[in-house]
Every structure is written in structure tokens, then in C-alpha cells.
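Taking it in order: structure first as C-alpha cells, then the write-up.
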Amino acid sequence: MIGHRSETSTVGGAHFAFTDRWGGVSAVPYEELNLGGAVGDDPDAVRTNRELAAKSLGLDPARVVWMNQVHGPDVAVIGEPWGDRPVPEVDAVVTTRRSLALAVLTADCTPVLLADPVAGIAAAAHAGRPGMVAGVVPAAVAAMVELGAEPGRIVARTGPAVCGRCYEVPDEMRAEVAAVEPAAYAETSWGTPAVDVTAGVHAQLERLGVCDRAQSPVCTLESGDHFSYRRDRITGRLAGYVWLD
């Protein structure tokens with residue numbers, strides 16, 4: 001895997017990978033492994049980076065499915081790459097096709113990778129604060145269950161994201177989020193209101209019966225090895241990938 005701070009794991013034939021910012025060809029301020037195509041980077045550099053990342057994971061770049069993420073709750077079920085079709089505005093994708101890898105882009109939001117290796121179903125979700133509140137992760141799990149997954153078999157991995165100690169928000173916003181998901185209520189390390197999106201996601205998954213869960217220890221805002229929109233504003237995007245043998 002490219003990048004010395006990347007994270008990969010395999011459970012029962014389900015593969016999970018989260019990139020860091022190193023090992024690509026993008027120039028400042030997107031250096032190096034920017035995988036986001038809508039942040040102002042050179043499209044050729046993004047294309048090269050996506051090829052490098054996919055090949056380092058043993059994936060065919062043409063069989064990686066990306067989303068047009070909009071911070072909503074919508075889910076797409078897909079059996080083939082988009083090809084010439086417009087990439088839909090969704091924040092989760094689900095597949096039963098073992099030859100497909102699903103990808104999610106983030107730079108502080110929580111990337112959520114899900115798989116039921118027994119049923120052969122995988123999902124990737126983009127859970128920022130609005131998406132977590134709107135229920136994009138429960139929606140992704142519901143789509144998996146409709147296709148034959150069982151919550152007790154689902155493996156969930158969340159990747160590098162801004163932590164609750166750093167994600168400062170106005171007190172009113174924290175109250176609004178906590179009214180929907182109490183587990184997301186947080187306080188910064190300097191004592192001001194905050195939101196912990198990843199904690200909210202894991203609480204949602206626990207209520208749904210998803211027990212095999214793990215969380216990256218990385219806070220994107222604190223880590224110079226990862227992109228952070230809150231820290232840098234103009235920056236690249238990390239990716240999480242999930243696929244099944």
C-alpha cells in the first residue's frame with residue numbers, strides 16, 4: 001500500500017483500506033496522493049493517483065466505484081462501474097459484486113466501510129456531520145440487509161477523521177446534533193462545544209446490531225500525514241476502499 005501511514009485490514013475475505021496523503025504525484029497544496037477529483041487539482045494527477053492507489057491494493061482502477069458526495073442520506077446499489085453514466089449524488093454505495101471495489105472520499109468526515117463476507121455484500125459511506133445526522137450509515141446498512149446481509153455478520157471499519165476533541169462547533173449546532181445522536185456530543189480539548197461524528201456513527205451501528213467495529217486512531221486535523229479541510233481549506237482528499245474476494 002502506498003503511504004507509510006495508510007491503514008489496511010482483512011476480515012473473512014473482506015478487505016478494508018484507508019489512504020494517507022503520501023505516494024502520489026499531486027503538487028502543493030494537494031501533495032501528494034490527492035484522490036479527489038473536485039477540489040481544484042490537476043485532473044491528470046488525480047487520475048494517476050487513483051491508478052497508483054488501486055494498483056498498490058491489487059485492484060483494477062477501472063473497477064473502483066466513486067461517488068458524487070453531497071452530505072446526504074441517499075444510497076445507490078450498483079453492480080458495475082458507472083462507465084459513461086453520470087455519477088449520482090449519493091453518500092453511500094452498496095454492491096453484491098465481488099469484483100468491484102467501493103471508494104469514499106474524505107478530508108475530516110468519517111469514511112465508513114462495511115461488509116458481510118458471508119453474504120458477499122459490501123458498502124462504503126461518507127458520514128460528515130450532516131450525513132451522520134441524516135442517517136446515511138443506517139441507510140447503507142438497511143440497503144445491505146435488503147440484499148441479504150445480516151447485521152450480526154457485518155464488519156465495520158471507520159477511517160481517519162477529525163476527532164471530537166478538535167471538531168469545534170457552535171453550542172446550538174452541538175445541541176441539534178446531540179438531539180439526533182447523543183453519542184456525538186463532545187467537547188474540544190480547550191473546553192468548547194464539539195461534535196464527534198465517528199462516535200455517532202459507531203453508536204448508530206451498535207444499535208443496528210453491528211458488533212464487529214473498529215475505528216482508526218488518526219485525527220485528520222492533528223495529523224500532518226493526512227488531508228484536513230478544517231485545517232487547510234484548500235487540500236486533497238483521502239480515500240477508503242472496501243472489496244470482497
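For the reader, a short list of remarks on this structure follows.
- The one condition in (1) surrounded by 19 or more Cβ atoms within 10 Å (Cβ to Cβ); (2) more than 25 Å from Pro138 (Cβ to Cβ); (3) among the aliphatic types (A, V, I, L, M) that Ile234 fails to fulfil: (1)
- If only residues of segment 51-72 that are out of contact with any Gly (no Cβ under 7 Å at 6 or more places or on another chain) and assigned to a loop (DSSP other than H, G, I, E, B) are counted, the one that is surrounded by the fewest Cβ atoms within 10 Å (Cβ to Cβ) is Gly58.
- Residues satisfying the stated conditions in segment 73-126, i.e. on the phi > 0 side of the Ramachandran plot and either surrounded by 20 or more Cβ atoms within 10 Å (Cβ to Cβ) or modelled with pLDDT under 95 (or both): Gly83, Asp108
Residues checked against (1) within 17 Å of the chain's Cα centre (by Cα); (2) not acidic (Asp, Glu):
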| residue | (1), (2) |
| --- | --- |
| Ala14 | yes, yes |
| Asp20 | yes, no |
| Gly23 | no, yes |
| Glu31 | no, no |
| Gly36 | yes, yes |
| Pro43 | no, yes |
| Leu52 | no, yes |
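- Output for segment 55-79, where each listed residue is free of Cβ contacts under 8 Å to residues at least 60 places away in the same chain, under 20 Å from Ala125 (Cβ atoms) and more than 16 Å from the chain's Cα centre (by Cα): Arg63, Ile78, Gly79
- Scanning segment 192-226 for residues that are more than 20 Å from Ser9 (Cα to Cα) and out of contact with any Pro (no Cβ under 9 Å at 6 or more places or on another chain) gives Thr192, Ala194, Val195, Asp196, Val197, Ala199, Glu206, Leu221, Glu222, Gly224.
- First in segment 188-208 and surrounded by 22 or more Cβ atoms within 10 Å (Cβ to Cβ), second anywhere and in a loop (DSSP other than H, G, I, E, B) and modelled with pLDDT of 95 or more, Cβ under 6 Å, 6 or more apart: Ala194/Gly164; Ala194/Tyr167; Ala194/Thr188; Val195/Tyr167; Val195/Val169; Asp196/Gly164; Gly200/Glu181
- Residue in segment 3-15 that is within 17 Å of Ala123 (Cα to Cα) and surrounded by 17 or more Cβ atoms within 10 Å (Cβ to Cβ) present: yes
- In this structure, Val210 does satisfy being assigned to a loop (DSSP other than H, G, I, E, B) and either at positive phi or among the β-branched types (Val, Ile, Thr) (or both).
- So Asp20, is it of a type in the set (Asp, Glu), over 27 Å from Gly131 (Cα atoms) and either exposed (fewer than 14 other Cβ atoms within 10 Å of the Cβ) or in contact with a His (Cβ under 6 Å, 6 or more places away or on another chain) (or both): no
- Contact map, segment 154-182: first residue closer than 25 Å to Ala140 by Cα and without any contact (Cβ under 8 Å) to a residue 40 or more places away in the chain, second residue among the aromatic types (Phe, Trp, Tyr) and outside any helix (DSSP H, G or I), Cβ cut-off under 7 Å, separation 6 or more or different chains; pairs are Arg174/Tyr185; Ala178/Tyr185.
- For segment 138-174, filtered to residues that are under 21 Å from Ala214 (Cβ atoms) and basic (Lys, Arg), the residue that is surrounded by the most Cβ atoms within 10 Å (Cβ to Cβ) is Arg157.
The values are calculated or read from the model by the stated rules, or taken from the named source; none is laboratory data. Bear in mind the structure is a predicted one, so any value in this text is a computation, not a measurement. As a convention, Cβ positions derive from the backbone with ideal geometry for all residues, glycine included, and neighbour counts pool all protein chains shown.
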